[in-house]
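Below: one structure, written as structure tokens.
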Amino acid sequence: MRDQGMFLEHAEVFGNYYGTARHSLDDARRQGHDLLLDIDVQGAALVRKAMPEAVSIFVLPPTPKVLRTRLRNRSRAEGGVNEAELYRRLSEASKEIEKYRDYGYILVNDILDRTVAQLEAIVLAERFYRNGEPIAVRSARVLEVAAACLLANSRERLKPVLEAFGIDGANGQQQLPFGEDSDDD
């Protein structure tokens, strides 16, 4: 399938292959639906290259400790925690976070309900901007919420998150190695 161009994006991540079938996008378009992809930075770069009009949203964990807890819990749910693999994923995450500047919108997933509301506002705002689709009475608030998530408007809100990951918000470069900060979860 990959060699026949049947994927919108595909990547190898931690030794596993992932991809989004192109027909998923075609089906969504035909039905008038949005297609929301949960993909890594490699896949997102491929989508942006193939579809510059695509809306890109980078979702960040609030701190390395929260990310470690989430990865550890996911590993437990999948049958066990491999500490070497966990550390490798944490290290890779810190490198991927440096790519935040490549995205149009930034979300910090610290409070789930708020993050979901922000995502919804972005989708509604983009529908409004692209298609003139009405967004009801709350339109001004929806547009405000979405605008606050734009990369250009997120710098101050992102600063403590980036610093927690050892990334200099001014130039997007990692300052410190990603470490096992503090106590275990």
Residue check: is Ser91 free of Cβ contacts under 8 Å to residues at least 60 places away in the same chain, hydroxyl-bearing (Ser, Thr, Tyr) and surrounded by fewer than 14 Cβ atoms within 10 Å (Cβ to Cβ)? no
The number of residues in the stretch 94-108 that are among the charged types (D, E, K, R) and surrounded by 14 or more Cβ atoms within 10 Å (Cβ to Cβ) is 4
All but one of (1) outside the structural domain of Ala146 (by TED's automatic domain parsing); (2) touching a residue at least 24 places away in the same chain (Cβ under 8 Å); (3) of a type in the set (Phe, Trp, Tyr) hold for Phe7, so report the exception by its number. (2)
Identify all residues within the stretch 1-38 that are in a loop (DSSP other than H, G, I, E, B) and either of a type in the set (Phe, Trp, Tyr) or closer than 24 Å to Leu119 by Cα (or both); write none if there are none. Phe14, Gln31, Gly32, His33, Asp34, Leu35, Leu36, Leu37, Asp38
Which ones in the stretch 44-88 are touching a residue at least 12 places away in the same chain (Cβ under 8 Å) and of a type in the set (Lys, Arg)? Arg48, Lys65, Arg68, Arg72, Arg88
Of the residues that sit in the stretch 1-23 and are among the polar types (S, T, N, Q) and within 29 Å of Lys95 (Cα to Cα), which one is nearest to the chain's Cα centre (by Cα)? Thr20
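The values are calculated or read from the model by the stated rules, or taken from the named source; none is laboratory data. Quick caveat: nothing in here was measured; it's all calculated off a predicted structure. No Cβ is skipped: glycine too gets one built from the backbone with ideal geometry, and neighbour counts run over all protein chains shown.
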